[in-house]
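**Q** Sharing a structure, written as structure tokens. Questions coming.
The values are calculated or read from the model by the stated rules, or taken from the named source; none is laboratory data. Quick caveat: nothing in here was measured; it's all calculated off a predicted structure. Cβ: placed from backbone, ideal geometry, glycine included. Neighbour counts: every protein chain shown.
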Amino acid sequence: MIALNYKGRAQYLNQNHPSALVSFIKANELAKELSDPFWTGMTARGIADIYQESFNTAEAIIYATEEYNNIMQSRRQPYINYSILDLASAYCSAGNYDKALTLSKQALDSAQIYDDVYLYTSAQQIISIAHIGNHDLTQGQNVLESLCQSNLAEVNDSLYLAWIYAATDKPQKAIQIYNEISDSTDGRYHIAKYKTLKKLSLYEAALLEFEKVDSLTNLTFKTRINQNLTGSMVETFDADKQKAHIQLQSAYTKTWFIIISSSCIIITLLICGIYVYDKQRKKIEAKVLFAEELQELLSQSESKNSEAIATIKYILASKYTFLEDLCSIVLRYNNLHSAKQKIADSVTTLLENLSIQSERIVLLEKHVDKIYNNVFTSRKTRNVHVLFRPID
């Protein structure tokens with residue numbers, strides 16, 4: 001930004017106005033992006049200077065105003081004072097002499113406060129030109145005479161004073177100034193001399209000076225017009241447009257790349273998630289099914305145990321009842337022979353009953369032995385030994 005500003009200033013001093021304008025505009029854009037009011041104002045100043053010298057007074061006022069506003073915001077001296085002076089000069093070039101006078105007097109006051117000789121001289125020059133533009137030649141003459149009596153005057157100040165002398169019927173004073181100034185290529189010199197010679201009725205000499213004025217004016221106008229400021233700006237904007245287009249294409253490509261990459265990642269994650277979910281679901285379903293099978297087996301086992309327990313209870317109860325009956329026979333009959341006979345009859349009856357459903361009993365015994373480790377066979381053997389043991 002700063003480098004571009006100084007580059008533009010160097011190009012401006014070398015009369016390369018198109019390149020200088022491009023440099024100043026680029027620097028101005030950078031300063032605005034960085035929100036730097038000081039350098040925004042300084043770069044706007046360069047742009048205003050170029051437009052003013054190219055007779056683009058409307059643009060010069062726009063950028064001089066931008067310079068003034070931003071420099072005021074930066075609160076930096078002496079740049080504030082000179083931004084006022086630049087704005088006054090732009091209004092003066094545009095023919096708005098009242099505003100030029102107001103701003104120039106403000107700059108003049110600041111020059112006296114800050115003891116700035118250059119600012120004071122420049123403000124006086126604008127004030128004198130503004131008075132001339134408002135046809136207030138007396139005020140303009142007073143300012144210029146005061147300025148020329150000091151050691152601060154420039155050649156142009158003397159030329160303006162000579163022009164006023166010629167316009168106010170003081171041609172001799174004007175001629176005295178011309179004699180002190182060598183022949184100049186400045187159009188103002190020839191304009192003032194033309195008016196003076198015309199006042200003295202030296203028409204041929206006046207016409208010669210007028211032709212010089214016309215020639216210099218045409219040359220200056222052509223030079224400024226042929227600088228092709230518009231073409232330089234168009235080229236600059238075309239380059240910026242091309243650069244923006246390339247950046248846009250790059251951003252577009254990056255955006256699609258990000259979208260496609262993100263979509264691939266999301267799809268991959270989704271597929272992985274579905275796979276993991278399905279795998280977990282199958283595991284859970286298998287475990288639930290296994291638990292249900294275990295529950296069913298447990299229920300079946302409990303049912304079988306209940307049946308076996310009931311069967312055993314029934315068998316044991318019937319056997320013990322039979323033994324109790326036998327014991328009661330022994331106790332009831334005092335005659336041993338009668339007791340034995342009765343017991344034999346009971347056993348015979350039992351055997352007959354058992355033989356009726358022998359197949360069922362065998363199956364039942366096998367079922368009980370299978371579940372409880374041959375418990376029924378063992379019990380039956382012990383009962384038989386007890387049954388046929390001799391009675392004391």
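**Q** Taking segment 21-32 only, how many residues are closer than 23 Å to residue 78 by Cβ and out of contact with any Leu (no Cβ under 8 Å at 6 or more places or on another chain)?
**A** The first filter runs over segment 21-32 and keeps only residues closer than 23 Å to residue 78 by Cβ, leaving 24, 27-28, 31.
Pick out the ones that are also out of contact with any Leu (no Cβ under 8 Å at 6 or more places or on another chain) and you get 28, 31.
Selection size over segment 21-32: 2.
**Q** Which numbered condition trips up residue 177, out of (1) at pLDDT 80 or above; (2) farther than 23 Å from residue 51 by Cα; (3) out of contact with any Pro (no Cβ under 9 Å at 6 or more places or on another chain)?
**A** So residue 177 meets the others, but not (1).
**Q** If a residue must be modelled with pLDDT of 85 or more and in a loop (DSSP other than H, G, I, E, B), how many such residues does segment 1-28 contain?
**A** Total satisfying the criteria: 1.
**Q** Kindly evaluate residue 21 against the criterion of being of a type outside the set (Ser, Thr, Tyr) and within 26 Å of residue 114 (Cβ to Cβ). If you could, list the steps in order and put the result at the bottom.
**A** On the way: of a type outside the set (Ser, Thr, Tyr): yes; within 26 Å of residue 114 (Cβ to Cβ): no.
Considered against the rule, which asks whether it is of a type outside the set (Ser, Thr, Tyr) and within 26 Å of residue 114 (Cβ to Cβ), residue 21 comes out as no.
**Q** What tally of residues in segment 33-50 results from selecting those that are farther than 18 Å from residue 79 by Cβ and without any contact (Cβ under 8 Å) to a residue 60 or more places away in the chain? Give the derivation first.
**A** To start, the set of residues in segment 33-50 that are farther than 18 Å from residue 79 by Cβ comprises 33, 50.
Add one more test, that the residue is without any contact (Cβ under 8 Å) to a residue 60 or more places away in the chain, and what stays is 33.
Number of matching residues: 1.
**Q** Counting only residues that are surrounded by fewer than 21 Cβ atoms within 10 Å (Cβ to Cβ), touching a residue at least 24 places away in the same chain (Cβ under 8 Å) and within 21 Å of residue 202 (Cα to Cα), how many does segment 121-170 have?
**A** 3
**Q** In segment 107-120, which residues are part of a loop (DSSP other than H, G, I, E, B) and surrounded by 18 or more Cβ atoms within 10 Å (Cβ to Cβ)?
**A** 116
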